[in-house]
Amino acid sequence: MVTTLLVVVVILAIAFDYINGFHDAANSIATVVSTKVLTPFQAVLWAALFNFAAYFYFTDHKVANTVAKTVIENYITLEVILAGLVAAIIWNLLTWWYGIPSSSSHTLIGGFAGAGMTHALLTGASPLDAVNMGYVIKIVSFIVLAPIIGMVISVILTLIIINICRYAKPATAEKWFKRLQLLSSAALSFFHGGNDAQKVMGIIATALIASKVIPNFEAMPAWVPIACYSAISLGTMSGGWKIVKTMGSKITKVTALEGVAAEGAGAVTLGITEHFGIPVSTTHTITGSIVGVGVVKSISAVRWGVTINLIWAWILTIPVSATLAAIIYAVIYYLK
């Protein structure tokens, strides 16, 4: 049944997807802008194009299905989804304002889980009964694993590229790597769109199921993925310049060669996790990849103070989002 609350939830979900786009635009364009391969305007258009192109490839929606099943169906209501979305939007906007590249994925999942657990608590059940621990453990474990995988792959790619090109003329190599960066940034944007748009698809599908508009996840209407991919693409076109600065230069200074390696590693990591339906953070992944290319130069090439601050933001994202959602849901619950 279509209600006003359902319409509000869907609009907020699409708004979150848009915010996700400009919050995470830095993931795809930071290195290609910092190496001056593209201007900021060209870069966001390029990234947005490949964000949306992912719609035509990722049709199994494995990541969306994982997000939808994070909270047990018995503890999902429109109010739960509303509280989770509002909390996620608040945290995303705060971290964007301060230029902190936190995970949009984890703030959404944290908010959803926190609201679901609060609903269980307020209705006399155990909070842990509300979450699917198998999915939660998988998601939480990749907070650590995704950046490590990205870092390891970027180290390997950088070493391979350096060895292949060791006899090349520096000017010629630089010219070719700037061209290759167009491909690597496109690949990263493609997998970023495929990964992050699906998370909001999962939330909208869950809202439609809770409202009995559709019977199950497999019956998700065609407009949902189109709306989600469109929203994240438009958000990317808006750019997130504060975070671009952090990602593109504050962690380590990135050359065109290193940009290719970092973006390539990020794309490979996202491709692997999407294949297995694991909703990972594109922010964590590309940060790990950028650290990896910095480590190849030397340990001191990485600004570890900046990196440690980012890690604290990652650690705090899920619990802060869950707490915000819990407070918001409790207010909604007692005002009903």
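Some points to look at:
- Of the residues in the stretch 169-192, at least one is farther than 13 Å from G266 by Cβ and in a loop (DSSP other than H, G, I, E, B).
- Criterion violated by T273 - all others in (1) at pLDDT below 85; (2) within 26 Å of V44 (Cα to Cα) satisfied: (1)
- Scanning the stretch 24-67 for residues that are closer than 30 Å to L121 by Cα and not β-branched (V, I, T), we see that the one that is surrounded by the most Cβ atoms within 10 Å (Cβ to Cβ) is A64.
- Residue match in the stretch 26-43 (condition: more than 18 Å from the chain's Cα centre (by Cα) and closer than 18 Å to D196 by Cα): no
- Close Cβ contacts (under 6 Å, 6 or more residues apart or on different chains) running from residues in the stretch 202-224 that are at positive phi to residues that are open to solvent by 60 Å² or more (accessible area, probe 1.4 Å) comprise K212/M1.
- Residue match in the stretch 138-153 (condition: free of Cβ contacts under 8 Å to residues at least 60 places away in the same chain, surrounded by fewer than 24 Cβ atoms within 10 Å (Cβ to Cβ), out of contact with any helix residue (DSSP H, G or I) (no Cβ under 6 Å at 6 or more places or on another chain) and of a type outside the set (A, V, I, L, M)): yes
- Entry remark, the stretch 203-249: residues being within 30 Å of V260 (Cα to Cα), modelled with pLDDT of 90 or more and hydrophobic (A, V, I, L, M, F, W, C) number 3 in total.
- Every residue from the stretch 58-78 that is of a type outside the set (A, V, I, L, M) and farther than 14 Å from I226 by Cβ: D60, K62, N65, T66, K69, T70, E73, N74, Y75, T77
- Condition met for T70 (within 25 Å of V136 (Cβ to Cβ), open to solvent by less than 20 Å² (accessible area, probe 1.4 Å), at pLDDT 85 or above and among the polar types (S, T, N, Q)): yes
- Note on the stretch 93-128: residues that are at negative phi and in contact (Cβ under 8 Å) with a residue 60 or more places away in the chain amount to 25.
- Qualifying position, being in a helix (DSSP H, G or I) and open to solvent by 10 Å² or more (accessible area, probe 1.4 Å), among I214, I232, I226: I226
- From the options I90, I81, residue that is modelled with pLDDT of 90 or more, open to solvent by 60 Å² or more (accessible area, probe 1.4 Å) and in contact with a helix residue (DSSP H, G or I) (Cβ under 8 Å, 6 or more places away or on another chain): I90
- Qualifying residue in the stretch 1-21 (condition: touching a Ser or Thr at 6+ places or on another chain (Cβ under 8 Å), open to solvent by 30 Å² or more (accessible area, probe 1.4 Å), under 27 Å from K175 (Cβ atoms) and of a type in the set (A, V, I, L, M)): no
The values are calculated or read from the model by the stated rules, or taken from the named source; none is laboratory data. What you see is a predicted model; the values in this text were computed from it and never measured. All Cβ positions, glycine included, derive from the backbone under ideal geometry; neighbour counts span all protein chains shown. In case anyone asks, the SASA skips ligands and DNA or RNA and just uses the protein heavy atoms, side chains included. Shrake-Rupley method; radii C 1.70, N 1.55, O 1.52, S 1.80 Å.
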